[in-house]
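Read-outs throughout are calculated quantities, based only on the coordinates presented, and are distinct from any laboratory measurement. In this text, all values refer to a predicted model and were calculated from it rather than measured experimentally. Neighbour counts run over all protein chains shown; Cβ positions are idealised from the backbone, glycine included.
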């Protein structure tokens, strides 16, 4: 299957949000998504996205990322979501998206590319290991949601 990777535009936000929701369902956390197309429009300067589409221009996968600064290494690319629609998995699309993400990181002179994967997502873990990623089991996420931000004890 011929796949084209392109930069997303604001016209893609409904597709991107549908993919975010599919990913959240896959990760057993559908109730955690609070984002909206309107919010994406307001915050579009904060993220970038690559879309994988078929020859008929059907979008089938996405990689959403942003730039971050890590004190130990400097400018980095954080891959927040990489998701391929289920019927299109195991066809090399995720690898093509990762190649495109790493090309962006090279062009932007990033010192690190980082992302997270759930410990039970064996297919993703196998792909990332095959590509040479270091899977770190020592660090834990620390999160505050919007309510936690507002009620943080000062």
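Scanning segment 105-149 for residues that are under 18 Å from residue 66 (Cα atoms), touching a residue at least 40 places away in the same chain (Cβ under 8 Å), part of a loop (DSSP other than H, G, I, E, B) and within 17 Å of the chain's Cα centre (by Cα) yields a single hit, 110. Of all the criteria given as (1) part of a loop (DSSP other than H, G, I, E, B); (2) at negative phi, the one not satisfied by residue 97 is (1).
Filter segment 23-47 down to the residues that are surrounded by 17 or more Cβ atoms within 10 Å (Cβ to Cβ) and in contact (Cβ under 8 Å) with a residue 40 or more places away in the chain and list them by number. Hit for segment 23-47 is 23, nothing else. For segment 3-22, the tally of residues that are closer than 18 Å to residue 101 by Cα and either free of Cβ contacts under 8 Å to residues at least 12 places away in the same chain or surrounded by fewer than 14 Cβ atoms within 10 Å (Cβ to Cβ) (or both) stands at 3.
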